[in-house]
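Structure first, then comments.
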Amino acid sequence: MVWTVNAGPQNQATPVSSPSTPLNASVSTAFDLALLIDGATPDLIIVTSDTVNFYVHTPSILRLSANAFYGMLLPAAPTITVAETAAVINVVLHVLYGRSCTEYKPTFEDVDASVTALVKYGASLSDLAVSPLPLFDLLVTQALLRAIDVYALAGQNALEEVAVAASAYLNSYNPLHLTDELSVKMGTVYFKSLMDLHLYRRMALKAVVLTPPGKHPPTATCDDATQARVLTAWAVVAAQLVWTASPDISSNALQAAFGQAYMSITCPDCRARLHVRIHDMTREWSAVKRTI
């Protein structure tokens with residue numbers, strides 16, 4: 001987030017001239033006096049704990065707040081001071097205004113705190129954290145790097161759509177790394193959902209890889225004994241995958257693992273059946289559900 005400093009009339013960068021704005025106060029570049037909503041200028045200044053001023057519109061704030069912004073706007077006031085930092089309030093206000101704030105690259109900690117602040121200030125997360133609204137997009141963006149944290153945050157606030165989106169990034173997550181704090185935060189329902197997802201994908205992987213290629217009628221160069229060796233080679237690779245592969249193994253990785261057996265086979269009929277089975281296996285695995 002970028003702030004500008006109001007140093008009096010000579011500073012032309014940010015048009016702040018309100019007598020209620022102290023000298024040398026930092027002003028939000030996203031929420032300043034130039035911000036117009038339906039032609040109206042801001043009528044409220046929100047001052048953060050780190051003394052950054054946000055110029056906003058009281059109707060825009062009250063429209064999504066069920067408690068008059070934690071009671072601070074009962075009655076209406078020209079200036080209010082909040083306990084949150086500018087980074088947190090910047091996210092809160094962007095959400096309330098229905099605008100994306102991803103360009104400011106907020107940290108997960110600030111996003112987490114902003115969700116808490118939105119609840120505090122009377123906003124309905126169930127209405128705001130859904131696709132394609134900005135809060136949903138922000139949380140999903142955070143899940144790219146902090147999937148388990150976003151998932152726990154979603155579970156804590158019963159944000160089903162966010163939890164589903166975040167769970168897509170958790171197929172490779174090792175449940176042994178799950179802390180007591182995160183387990184408590186996400187709650188029993190979402191903890192079970194995550195464990196069920198891993199179990200379901202492991203069982204699906206087992207079913208997919210343990211299904212061998214079909215046999216062909218014996219020929220002069222490839223009898224039942226020869227084909228049995230092909231199936232044994234398949235079973236060895238399958239057993240290794242069942243024991244070691246994570247639930248997020250890619251179809252390409254499966255194809256590569258069984259492709260080693262393909263290269264060692266000389267019988268054209270065996271190669272053809274193996275090729276078909278590998279193709280079917282990767283297609284089946286790609287179709288397995290990846291989210292809770």
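The residue pairs whose first member lies in the stretch 153-167 and is touching a residue at least 12 places away in the same chain (Cβ under 8 Å), whose second member is of a type in the set (Lys, Arg), and whose beta carbons are closer than 6 Å, counting only pairs six or more residues apart or on different chains, are Gln156/Lys185. With respect to Ala253, determine if the residue is without any contact (Cβ under 8 Å) to a residue 40 or more places away in the chain, out of contact with any Gly (no Cβ under 8 Å at 6 or more places or on another chain), surrounded by 12 or more Cβ atoms within 10 Å (Cβ to Cβ) and within 30 Å of Ile292 (Cα to Cα). So Ala253 fits the description; yes. Considering the stretch 175-199, the residues that are surrounded by 15 or more Cβ atoms within 10 Å (Cβ to Cβ) and not aliphatic (A, V, I, L, M) include one that is nearest to Tyr262 (Cα to Cα), namely His198. Every test in (1) in a helix (DSSP H, G or I); (2) at pLDDT below 95 is passed by Leu118 save one, and that test is (2).
Could you figure out which of (1) exposed (fewer than 15 other Cβ atoms within 10 Å of the Cβ); (2) touching a helix residue (DSSP H, G or I) at 6+ places or on another chain (Cβ under 6 Å) isn't true of Trp285? That leaves (1) as the condition not met.
I'd like to check something: does the stretch 28-42 contain any residue that is within 16 Å of Gly122 (Cβ to Cβ), touching a helix residue (DSSP H, G or I) at 6+ places or on another chain (Cβ under 9 Å), assigned by TED's automatic domain parsing to the domain that holds Leu139 and not acidic (Asp, Glu)? The answer is no; no qualifying residue exists. Within the stretch 125-136, not a single residue is surrounded by fewer than 16 Cβ atoms within 10 Å (Cβ to Cβ), in a helix (DSSP H, G or I) and in contact with a Gly (Cβ under 8 Å, 6 or more places away or on another chain). Screening the candidates Ala220, Ala253 for the property of being part of a helix (DSSP H, G or I) and either outside the structural domain of Ala154 (by TED's automatic domain parsing) or over 37 Å from the mean Cα position of the chain (by Cα) (or both) yields one hit, Ala253.
Condition check ((1) within 17 Å of the chain's Cα centre (by Cα); (2) under 18 Å from Thr291 (Cβ atoms); (3) buried (at least 16 other Cβ atoms within 10 Å of the Cβ)) across all residues:
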| position | (1), (2), (3) |
| --- | --- |
| Ile89 | no, no, yes |
| Val92 | no, no, yes |
| Glu103 | yes, no, no |
| Gly122 | no, no, yes |
| Leu139 | yes, yes, yes |
| Arg146 | yes, yes, yes |
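Kindly indicate whether Ala40 is hydrophobic (A, V, I, L, M, F, W, C) and either at pLDDT below 95 or farther than 28 Å from Leu139 by Cβ (or both). Yes, satisfied. Being touching a helix residue (DSSP H, G or I) at 6+ places or on another chain (Cβ under 8 Å), closer than 23 Å to Leu145 by Cβ and assigned to a helix (DSSP H, G or I) is the filter here, so list the residues in the stretch 178-208 that pass it. Correct list: Leu182, Ser183, Lys185, Met186, Gly187, Tyr190, Phe191, Ser193, Leu194, Met195, Leu197, His198.
Filtering the stretch 158-173 to residues that are outside any helix (DSSP H, G or I) and in contact with a Ser or Thr (Cβ under 8 Å, 6 or more places away or on another chain) leaves Ala158, Leu159, Ala168, Asn171, Ser172.
Looking across Phe31, Phe54, one residue alone is at pLDDT 95 or above, of a type outside the set (Gly, Ala, Ser), buried (at least 20 other Cβ atoms within 10 Å of the Cβ) and outside any loop (DSSP other than H, G, I, E, B). It is Phe54.
Test Ser286 against the stated conditions and say whether it is closer than 30 Å to Leu176 by Cα and of a type in the set (Ser, Thr, Tyr). Yes, satisfied.
The single condition among (1) in a loop (DSSP other than H, G, I, E, B); (2) within 25 Å of Gln142 (Cβ to Cβ); (3) of a type outside the set (Val, Ile, Thr) that Leu93 does not meet is (1). Scanning the stretch 233-248 turns up one or more residues that are in a helix (DSSP H, G or I), modelled with pLDDT under 90 and not assigned by TED's automatic domain parsing to the domain that holds Asn157.
The values are calculated or read from the model by the stated rules, or taken from the named source; none is laboratory data. Just so you know, these numbers come straight off a predicted model, no measurement behind them. For neighbour counting, all protein chains shown are included, and Cβ atoms are generated from backbone atoms with ideal geometry for every residue, glycine included.
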